[in-house]
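*Asks:* Could you have a look at this structure, given as structure tokens, before my questions?
Nothing in this text is a laboratory measurement; each read-out follows from the coordinates by a stated rule. Computed from a prediction, not measured in an experiment: that's the story for all the values here. Cβ sites come from the backbone with ideal geometry, for glycine too, and all protein chains shown count toward neighbours.
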Amino acid sequence: MLDDYQQVASAHADWDSLGAQEVTFFTEHLGGPDDVVAALEPYDVVVAMRERTAFPADVLARLPHLGLLVTTGPANVAIDVAAARERGVTVSGTGGVSPSTPTVEMTWALILAAARHVPAEDRAVREGGWQHTLGRDLSGRRLGVVGLGGLGRPVATVGLAFGMDVVAWSQHLDPDEARAAGVTPVEEDELLATSDVVTIHLKLSERTTGLIGRDELARMKPTALLVNTSRGPIVDEDALVAALHEGRIGGAALDVFGTEPLPADSPLRTLPNTVLTPHLGYVTEGSYDVFYREAVEDIAAWADGAPIRELG
């Protein structure tokens, strides 16, 4: 079991029921490809926690004993499923809590924390201070939702409940569906130029990698907040650091990064106008209950010769 950062995987499923000769819980990130291979070479089954550890073709080719690779969640872009299939490795997934609920909640935790300067004020109180900042109002302000799908739509619903003017854009946005949800469909330029909060809810792909870059950030309001709970590479991190450092946008609230765990020397760590969390969108008790329980089910089914939840 990989990337068990909180050391809780053993408590969320009955691993003993597998009767395995050895079950190892790796509580630290293994690092690069050579580190992954060195650590996992003896194992027949590996359970990956979402996309924290990558399994490209060259890594899979160096794991001769691997027969089953389980990913928590129903898909994992960090696994080369085709390469695994060619090597006779079964790749299975799991379900999750209501597909969007934990990440939607995390998105709003970040928006509120950034708008009301919660981290800075919490730190100030602990250091003996009192009221250093002036919070932003959300009611009456514009929320720009980039991607109005399974995550973006409920995020927009909460924005409407806060009294925000909610607009949305994506390359495949259905304007009628947006209006039916109480959301105004707009073009990308208008969303970026007029929104007080821009929140990203897209899948990572070749099309979306670097979607928010230097030019897009330049079109945002100088007071606007950028929120990303989707995937780090959707935003050009260097361009974002420059925009924040130069004060060209009001701030950023990020739960995802181009490299995870976030390197200790990342300039994001030292920027005051940010709220940073360590990819917590799916990290809830309910999600882990489903992830680990169904991972055990996947392993038992594979051992019985009848794999389930195989990824295509």
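*Asks:* Which whole-number percent gives the relative contact order of the range 88-181, counting Cα pairs below 8 Å spaced six or more residues apart?
*Replies:* Result for the range 88-181 is 25 percent.
*Asks:* Looking at the range 273-312, which GluC sites (Glu not before Pro) are in a loop (DSSP not H, G, I, E or B) and have at most 14 other Cβ atoms within 10 Å?
*Replies:* Numbers: sites: Glu285, Glu294, Glu297, Glu310; in loops: none.
Loop-located and lightly packed - none at all.
*Asks:* Quote the relative contact order of the range 24-163 in percent (integer), defining contacts as alpha-carbon pairs under 8 Å separated by 6+ residues.
*Replies:* 16
*Asks:* Where in the range 17-50 does the amide nitrogen come within less than 19 Å of the point 7 Å from the Cα of Ala57, taken along Cα to Cβ?
*Replies:* 33-34, 37
*Asks:* With unit charges on the beta carbon (Lys/Arg positive, Asp/Glu negative), name the residue among Ser205, Thr270, Leu226 whose Cα is farthest towards the positive pole of the charge dipole of the chain.
*Replies:* Most positive-ward Cα: Leu226.
*Asks:* Show that you can apply the helix-only estimate: for the chain, add -39,500 (n - 2.57) for every DSSP H stretch of four or more residues, divide by all residues, and state [θ] at 222 nm to the nearest 500. Write down the numbers at each step before the final one.
*Replies:* Numbers: 11 runs with 99 residues, N = 312.
After summing the helix terms and dividing by the residues of the chain, the value is -9000 deg cm²/dmol.
*Asks:* With a cap of 12 neighbouring Cβ atoms within 10 Å, and only residues DSSP puts in a loop, list the GluC sites (Glu not before Pro) found in the range 74-180.
*Replies:* Glu127
*Asks:* Label 7 Å along Cα→Cβ of Thr184; the range 200-219 residues with amide nitrogen under 18 Å?
*Replies:* Label zone hits: none.
*Asks:* Tell me the GluC sites (Glu not before Pro) within the range 188-261 that lie in a loop according to DSSP and have at most 14 other beta-carbon atoms within 10 Å.
*Replies:* Numbers: sites: Glu188, Glu190, Glu206, Glu216, Glu237, Glu246; in loops: Glu206, Glu246.
The qualifying sites are Glu206, Glu246.
*Asks:* Can you tell me the alpha carbon radius of gyration of the chain divided by the globular rule-of-thumb value 2.2 N^0.38 Å? Mind dumping the intermediate values first?
*Replies:* Working: Rg = 21.0 Å, N = 312, 2.2 N^0.38 = 19.5 Å.
Taking N as the residue count of the chain, the ratio is 1.08.
*Asks:* With the contact rule set at Cα under 8 Å and sequence spacing of 6 or more, what percent relative contact order holds for the chain? Provide the component values of the computation, followed by the final result.
*Replies:* Values: 562 pairs, mean separation 56.5, N = 312.
Normalised by residue count, the contact order of the chain is 18 percent.
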